[in-house]
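Asks: Attaching a single structure in structure tokens format; questions to follow.
The values are calculated or read from the model by the stated rules, or taken from the named source; none is laboratory data. Note that the coordinates shown come from a computational prediction; the quantities given were computed from them, not determined experimentally. Ideal geometry is used to build each Cβ from the backbone, glycine not excepted, and the neighbour counts take in all protein chains shown.
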Amino acid sequence: MDTQLARAGLPAYAELFCLTNFSFLHGASHAEELVERAVKLGYSALAITDECSLAGVVRAHGEARQAGLKLLIGAHFHLTHADGSPALSLLALASNRNGYGNLSEMITLGRMRADKGSYELHPDDFANPPPEREHLRGLPDCLLLLLPEYPAEVERLHRQASWMAATFGKRTWLATTMLGRAFDEAHGAAIEEVSLQHALPMVAAGHVCMHVRSRKPLHDTLTAVRLGKPVSECGYELGQNAEQHLRSRLRLANVYTAQMLEETVRIADLCQFSLEELRYEYPNELIPPGHTPSSFLRQETYIGAHRRYPAGVPANVQKQIEEELALAAQLKYEYFFLTVYDIVRYARSQEILCQGRGSAANSAVCYCLGVTEVDPALGNSVVGRFMSIERDEPPDIDVDFEHQRREEVIQYIYRKYGRHRTALAATVICYRTKSALRDSGKALGVDLEIVEKVAKSHRWFDRKHELMERFAECGLDPESPLAHQWAHLALQFLSFPRHLSQHVGGFVISQDKLSRLVPIENAAMEERSVIQWDKDDLEELGLLKVDVLALGMLSALRRAFDLVSARRGEVFTMQDVPREDGPTYEMICQADTIGVFQIESRAQMSMLPRLKPQVFYDLVIEVAIVRPGPIQGGMVHPYLQRRMGKAKVDYPAGLEKALGRTLGVPIFQEQVMQVVIDAAGFTPGEADQLRRSMAAWKRKGGLEKYQTRIVSGMVDRGYDETFALQICQQIQGFGEYGFPESHAASFAWLTYVSSWIKCHEPAAFLCALLNSQPMGFYSPSQLVQDAKRHGIEVRPVDISCSGWESALEERDGEAQPAVRLGMALLRGMRAEAAQRIEETRAIRPFASVTELARRADLDRHDLQVLAGGNALRSLAGNRRQALWDAAGAVPDKDLLRPTEVEEEAPQLVAPTEGEEILGDYRSQGLTLGRHPLALLRPALLAKRFLPADVLNTFSNNQLARGAGIVTGRQRPGTAKGVLFVTIEDETGYVNVIVWPDLVEKYRREVLGSSLLGVYGVWQQEGIVRHLVARRLVDLSHLLGRLPTASRDFQ
């Protein structure tokens, strides 16, 4: 196409002023769309120039590299005077690496001096910077375009051009944007006059906001969202036409002079910078004097190896260590390993529980460095999975820390390297369906009540094509033009970026100024800064990211170890947990795993009795097999059949190393890599490229090019074509989400440890989970109910003995202590008030509510929370009396504070049992009394709804009715529309299966009920039981005002 256009005599053109949708609510096209369109139009180059941002350039870079289009890196700015009044607008393009660094640093300056989402730059930042920023004077090695306001006012433009010429010299141009508007002729004439007087060349600039003109409605809608008013009220704020798209060169030739078009190409030729020039420099202060990175890493690795293997390092482990150290030295990744090692070493010095995962985290080197607790000798780590010459990017190591103490680790990193050298990676927050419906609906002027009704009617599992059905349910005519326009715009909003947020823990650390590598801006949280690129951008450019992640189970485990240590009178740690404990595996096989890490979900608990884990490696498989990858790849059923002896264990000769440990069925990513290495002739690095394609397949595609090579390579080596095609199908399944064996092994260890604690120290397990909330699938109420069913005594919050956190209280003659609930569980309770209560109570007990209020300096809010939670029973007798006493116990102020008013309080009747339960749920979300459904059981039995313990005695295919409080709903993408609902009564749980057609038929009941009645068929296979729904009824009215909550998951 480019050749045809050239033959037609069309001028060459480079677009120099182009916004992506990372100019939030300004740009109406993705960077990839703009690049693709520019290629089709035969452009010589394309500049990405978002406003004070480089957030979109990496996406454009990846697309442009594949398409062979020259990409220019730049940004545009609206400068203001010190008083906030507008000064001028300009655009900067990086001509080389130094210019890029200066541009990135200038963006950082503007962003860091303003709140998140905005920036502030002044003319003096370019023309007269302070000494510490002298290197930014005139923004060296950047080309500058003045962006005149429209229509240009000559005198003002003269002043701006004079400043530009004085500041940037011969690197200055006057951008001319002609969009077919009313004052284009006068605008062009004014620019031409100023150009002649100041000898500044004019250049064409499209101010592009969309790749095609059909995006104009979306662009108008984004403008309305930005302005906070409907499109109909935006007036002249909207573009007068759709000319802000990438126009054909024929159209441009009719708008601009040949000289202005030629100038665009000349500027593009002057810009020789590419993002591929960016090279990461690792921090080097970790290396002590007298050591090189290689020697220090080797020393620390072998010190750790002898600690891990006191009887001697096994030969196979030593061989793997040497292989990894040699590859790390060749690829110069020693600094990376040592950086992670330093962070982990700090955490352990502060007694912060942590564990590494990721492919490299289960390497021999990382095991010896203490980054992980999983012995690599237990698995089959493919070194090329995380390091290879072909990969040419840093290894993958994620480190999980206690979620309530991770901030200490984050602040250590900031202290060690400084905020000028480290920042968090970004996470791009994109429009989801509800936010897209709300913003587009408001912009179209739809009644706000209807907008909110439609948004709330959408559920997490609804598909795009079901949107019209939701419109109809909310009273909107789905055939109306408004409904069609709303649906069309809402769908276009989806996946559009809304703003940058901070990654959950991905740190980028550099040797020198990080701001010369990538712009940095303030995060929403204080003392946090974030770069403008996300993890995919960093991976595209091969830049280091150290993941400092939070894991709630580590917080719970650390608390559990502390509690067990205190009871035993000696330190008890994760390393002291007995391996391969029989009772622990028995508990796991019974799916008695509420609260246990990774195997507490509905799907995992259904799998456990089938898989029946007996050893640690079974847990590794269990953790990995209930994932979209193995499910989509058709691996689950064959594996279970082989494990139960119902199918023959069979795999081709030569693949025992890859498939033997999983009965011939590939479950892990590493196995797929090993198969293509052993059977298709891939190198380890090529196999890793396949892995990366698997990970990005859903987003970018790209697996097809590997299929031909895999099939032909396997057939050439004597393997059956059917088996080769099956491997390809399984690879595609991993594209949905496949678990690496290294991840699974790390997680399985935490699974085993948490299972052991639940089995042998159930009271400590509950106490630790309650003190680590929020986390996991289950609410504190469900955790307490489960513990009580296991014989654990749970005691209420009591002002006379409860602390802020829940605690253990020994029981005479009992093996397990009781759990005393802490004040943290009371809704609205403040930690500082609880601390004052504990401090004053330690001096002497409280004699009355009034004395409590005075000594602990409690205000009305604190007293009401304590009384409402029935925590004052030891002082007041009952909840009603406590509320009365609390109302009169608020300390007086000033001179009257020391005085006590003696008055006789009325003796109030204690609440009924139902009122107590209602008060418990309102104040702390749980009750230690009877389950609410125990009170409703007569009414439920009258309707023939049976309790869970009775249903569990039913035989397979027996008609059944059950009712319970909805505690969870889950509709995973692999379930083909099936909704799984968990209901709870006073005797336990019932797992309900709701088929897709029933979900639509009973949508209101299944999604809106707090108390759900289910008519259906009982299904049983071994100890795996389900109630398959045929009819649903909403019984929520029976609960009255009882507040309940369901945890819904995808």
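Asks: Could you check how many residues of region 783-795 are out of contact with any Pro (no Cβ under 6 Å at 6 or more places or on another chain) and either surrounded by fewer than 20 Cβ atoms within 10 Å (Cβ to Cβ) or assigned to a loop (DSSP other than H, G, I, E, B) (or both)?
Replies: So the answer is 5.
Asks: Could you list, in sequence order, all residues of region 610-627 that are outside any helix (DSSP H, G or I) and at pLDDT below 90?
Replies: Answer for region 610-627, where residues must be outside any helix (DSSP H, G or I) and at pLDDT below 90: 626, 627.
Asks: State all residues of region 569-617 that are under 20 Å from residue 662 (Cβ atoms) and among the aliphatic types (A, V, I, L, M); if no residue qualifies, say none.
Replies: Answer for region 569-617, where residues must be under 20 Å from residue 662 (Cβ atoms) and among the aliphatic types (A, V, I, L, M): 588, 599, 603, 607, 608, 611, 615.
Asks: For region 154-170, indicate whether the set of residues that are surrounded by fewer than 22 Cβ atoms within 10 Å (Cβ to Cβ), among the hydrophobic types (A, V, I, L, M, F, W, C), in the same structural domain as residue 17 (by TED's automatic domain parsing) and under 30 Å from residue 422 (Cβ atoms) is non-empty.
Replies: Taking every residue of region 154-170 in turn, none turns out to be surrounded by fewer than 22 Cβ atoms within 10 Å (Cβ to Cβ), among the hydrophobic types (A, V, I, L, M, F, W, C), in the same structural domain as residue 17 (by TED's automatic domain parsing) and under 30 Å from residue 422 (Cβ atoms).
Asks: What strands (runs of 3 or more DSSP E) completely inside region 925-1041 contain at least 1 residues that are outside the structural domain of residue 825 (by TED's automatic domain parsing) and over 26 Å from residue 780 (Cβ atoms)?
Replies: Here the list reads 958-970, 988-994, 1011-1021, 1024-1034.
Asks: For region 94-127, enumerate the residues that are in a loop (DSSP other than H, G, I, E, B) and either modelled with pLDDT of 95 or more or surrounded by 16 or more Cβ atoms within 10 Å (Cβ to Cβ) (or both).
Replies: Once the filter is applied, which keeps residues that are in a loop (DSSP other than H, G, I, E, B) and either modelled with pLDDT of 95 or more or surrounded by 16 or more Cβ atoms within 10 Å (Cβ to Cβ) (or both), region 94-127 yields 95, 96, 116, 119, 120, 121, 122.
Asks: Of all residues being modelled with pLDDT of 90 or more and in contact with a helix residue (DSSP H, G or I) (Cβ under 9 Å, 6 or more places away or on another chain) in region 494-507, which is nearest to residue 399 (Cα to Cα)? Just the residue, please.
Replies: 498
Asks: Determine, yes or no, whether residue 309 is in contact (Cβ under 8 Å) with a residue 40 or more places away in the chain, out of contact with any Lys or Arg (no Cβ under 9 Å at 6 or more places or on another chain) and aromatic (Phe, Trp, Tyr).
Replies: no
Asks: Please enumerate the residues belonging to region 762-782 that are over 20 Å from residue 931 (Cβ atoms) and crowded, with 24+ Cβ neighbours inside 10 Å.
Replies: 763, 764, 765, 767, 768
Asks: Okay, next question. Any idea which of 672, 665 is free of Cβ contacts under 8 Å to residues at least 40 places away in the same chain, at negative phi and surrounded by 24 or more Cβ atoms within 10 Å (Cβ to Cβ)?
Replies: 665
Asks: A further question on this structure: Could you tell me which residue of region 323-344 is farthest from residue 286 (Cα to Cα), considering only residues that are surrounded by 14 or more Cβ atoms within 10 Å (Cβ to Cβ) and out of contact with any helix residue (DSSP H, G or I) (no Cβ under 7 Å at 6 or more places or on another chain)?
Replies: 331
Asks: Just to verify a result, which residue in region 634-662, among those that are part of a helix (DSSP H, G or I), free of Cβ contacts under 8 Å to residues at least 40 places away in the same chain and more than 34 Å from the chain's Cα centre (by Cα), is nearest to residue 743 (Cα to Cα)?
Replies: Looking at residues that are part of a helix (DSSP H, G or I), free of Cβ contacts under 8 Å to residues at least 40 places away in the same chain and more than 34 Å from the chain's Cα centre (by Cα), I get 660.
Asks: Let me ask something else about it. Exactly one of these conditions fails for residue 570: (1) in a loop (DSSP other than H, G, I, E, B); (2) surrounded by 20 or more Cβ atoms within 10 Å (Cβ to Cβ); (3) over 24 Å from the mean Cα position of the chain (by Cα). Give me its number.
Replies: Result: residue 570 fails condition (2) only.
Asks: Cβ contacts < 8 Å: first residue not assigned by TED's automatic domain parsing to the domain that holds residue 856, restricted to region 872-886; second residue part of a helix (DSSP H, G or I), any location; separation 6+ or different chain. Result?
Replies: none
Asks: Return the pairs, sorted by first residue and then second, in which the second residue is surrounded by fewer than 22 Cβ atoms within 10 Å (Cβ to Cβ) and at pLDDT 95 or above, the first residue lies in region 64-77 and is assigned by TED's automatic domain parsing to the domain that holds residue 104 and over 13 Å from residue 35 (Cβ atoms), the beta carbons are less than 6 Å apart, and the residues are 6+ apart or on different chains.
Replies: Pairs that qualify, where the first residue is assigned by TED's automatic domain parsing to the domain that holds residue 104 and over 13 Å from residue 35 (Cβ atoms) and the partner is surrounded by fewer than 22 Cβ atoms within 10 Å (Cβ to Cβ) and at pLDDT 95 or above, are 76/51; 77/121.
Asks: Also, quick follow-up: Just the residues that are under 20 Å from residue 767 (Cβ atoms), polar (S, T, N, Q) and part of a loop (DSSP other than H, G, I, E, B), please, taken from region 573-609.
Replies: Of everything in region 573-609, those that are under 20 Å from residue 767 (Cβ atoms), polar (S, T, N, Q) and part of a loop (DSSP other than H, G, I, E, B) turn out to be 573, 593.
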